Amino acid sequence: MIEVSNLQKEFLNGQESTQVLKGVNLNIEEGEFIAIMGPSGSGKSTLLQLLGGLDVPTKGEIEIDHTPIHAMKEKERTVFRRKNMGFVFQNYQLLPNLTVEENIAFPLHADGKLTKENIEWIHELTRSVGLEGLNDKRVNLLSGGQQQRVAIARALANHPTVLLADEPTGNLDRARAEEILVLLSTFHRKNKQTIVMVTHDIFAAGFADRIILFKDGIIDQVISREDSDYAKYLANFMA
Ligand code: ADP
Ligand code: MG
């Protein structure tokens with residue numbers, strides 16, 4: 001589903017250059033739920049942006065469903081992204097003055113006018129994230145947890161190949177975070193949605209099939225739910 005090889009990213013600021021990704025190799029299966037953890041500044045968000053086609057690597061390859069996105073021109077990448085990628089961010093990034101339904105529908109407008117099917121799908125998504133009855137409410141009147149539900153529904157509107165989430169529970173209290181994680185893992189289990197989630201929170205990572213530990217621009221460790229020492233690993237982390 002996602003194949004990343006020797007991925008490198010260097011940022012240039014005037015004379016200064018920072019090598020943020022130093023050769024990342026990673027394969028993600030269709031339907032996997034991956035958590036990426038690691039210290040602040042280790043390159044997690046940069047990796048997510050490259051996976052989502054929001055930015056291009058300096059070197060290396062990314063294939064999404066056998067499509068090499070690293071080689072795409074910007075226009076082509078934008079089209080690919082709109083069609084295949086869903087994004088959820090820590091700060092929701094909704095359009096504050098639009099309603100729940102208008103926000104969820106937003107990615108579908110790229111294809112022109114909404115069809116009857118589109119509208120039914122938006123209603124179904126609104127229900128599936130637990131916001132039934134709030135369709136016409138402006139999102140800036142909602143709580144943080146509710147706004148993140150809208151953001152998840154919006155991210156799923158285009159039936160993305162991959163849902164990318166960058167610290168989706170970072171602004172939420174534990175109870176609200178857990179609701180969001182249960183929601184994500186429901187889409188993962190029921191719809192076989194592939195999810196790549198960056199998180200600081202081992203509790204959040206515990207919902208994933210595999211935890212990828214990032215350190216200084218490379219993958220330091222991978223731990224899978226099937227590994228015999230998975231539980232011990234989580235316990236150590238929380239200690
Ligand atoms: P993380 O998400 O793991 O905290 P990031 O991927 O956001 O880390 O950032 C990794 C490093 O890359 C940081 O040192 C950051 O300052 C740098 N960086 C990220 N984006 C840019 C950019 N657009 N220009 C220059 N440096 C950047
Ligand atoms: Mg980050």
Legend entry - Contact order normalised by residue count of segment 1-51, Cα under 8 Å, 6+ apart, percent: 34 percent
Legend entry - Accessible surface, 1.4 Å probe, highest first, among residues 72, 197: 72, 197
Legend entry - Accessible surface ranking that places the most exposed of 51, 94, 114 first, with a 1.4 angstrom probe: 114, 94, 51
Legend entry - Surface per residue (accessible, 1.4 Å probe) for the chain, Å²: 51 Å²
Legend entry - Of 73/137; 59/232; 59/113; 22/73, those spanning more than 31 Å from alpha-carbon to alpha-carbon: 73/137; 59/232; 59/113
Inset, instruction - Answer with one residue from 84, 153, 181: the one whose Cα lies farthest towards the positive end of the charge dipole of the chain, charges on Cβ with Lys, Arg +1 and Asp, Glu -1. - result: 153
Inset, instruction - Indicate the gyration tensor shape class of the chain (rounded, prolate or oblate), computed on the Cα atoms with a ≥ b ≥ c the square roots of the eigenvalues: a/c under 1.5 is rounded; otherwise a/b larger than b/c is prolate and the rest oblate. - result: oblate
Legend entry - Candidates 212, 36, 195, ranked by Gaussian network fluctuation over the chain, Cα under 10 Å, top entry: 212
Legend entry - Difference of contour (0.36 nm per residue) and Cα-Cα distance, residue 189 to residue 216: 6.5 nm
Inset, instruction - May I ask what percent, to the nearest 5, of DSSP beta bridges between residues of the chain are antiparallel? - result: 55 percent
Legend entry - Cα-centre dipole for segment 1-72 with unit charges at Cβ (Lys and Arg positive, Asp and Glu negative), debye to 20: 360 debye
Inset, instruction - Could you please state how large a percent of the accessible area of the chain is carbon and sulfur, counting protein chains only and using a 1.4 Å probe? - result: 47 percent
Inset, instruction - Can you tell me the relative contact order of segment 2-238? Whole percent, Cα pairs under 8 Å, sequence separation 6 or more. - result: 28 percent
Inset, instruction - Given the options 164, 156, 172, state which has the largest fluctuation in a GNM of the chain using a 10 Å cut-off (strictly under) for Cα springs. - result: 172
Inset, instruction - Please give, to one decimal in nm, the separation of the simple spin-label points placed at residue 232 and residue 106, each 7 Å out from Cα toward the Cβ. - result: 4.6 nm
Legend entry - HN-Hα J in Hz across segment 96-103 - Karplus 6.51, -1.76, 1.60, θ = phi - 60°, x for Gly and Pro: x, 8, 9, 7, 3, 5, 5, 5
Inset, instruction - Between 86, 112, 53, find the one with the highest GNM mean-square fluctuation for the chain; connect C-alpha pairs within less than 10 Å. - result: 112
Inset, instruction - For every other residue with a beta carbon closer than 14 angstrom to the beta carbon of residue 79, add +1 if it is Lys or Arg and -1 if Asp or Glu, then tell me the sum. - result: +3
Inset, instruction - Give, as a single signed number, the net charge of other residues whose beta carbon lies under 12 Å from the beta carbon of residue 158, with Lys and Arg counted +1 and Asp and Glu -1. - result: +3
Legend entry - Mean residue ellipticity (222 nm) of the chain, computed from DSSP H runs ≥ 4 via -39,500 (n - 2.57), nearest 500: -10000 deg cm²/dmol
Legend entry - For segment 1-61 versus segment 130-205, the gap between their alpha-carbon centres in whole angstrom: 22 Å
Legend entry - Sequence of 120, 3 from largest to smallest accessible area, 1.4 Å probe: 120, 3
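The values are calculated or read from the model by the stated rules, or taken from the named source; none is laboratory data. Predicted, not measured: the structure shown is a model, and the values here were computed from it. In this analysis, Cβ positions are derived from the backbone assuming ideal geometry, glycine residues included, and neighbour counts consider all displayed protein chains. Accessible surface areas use protein heavy atoms only, side chains included; no ligands, DNA or RNA. Shrake-Rupley method; radii C 1.70, N 1.55, O 1.52, S 1.80 Å.
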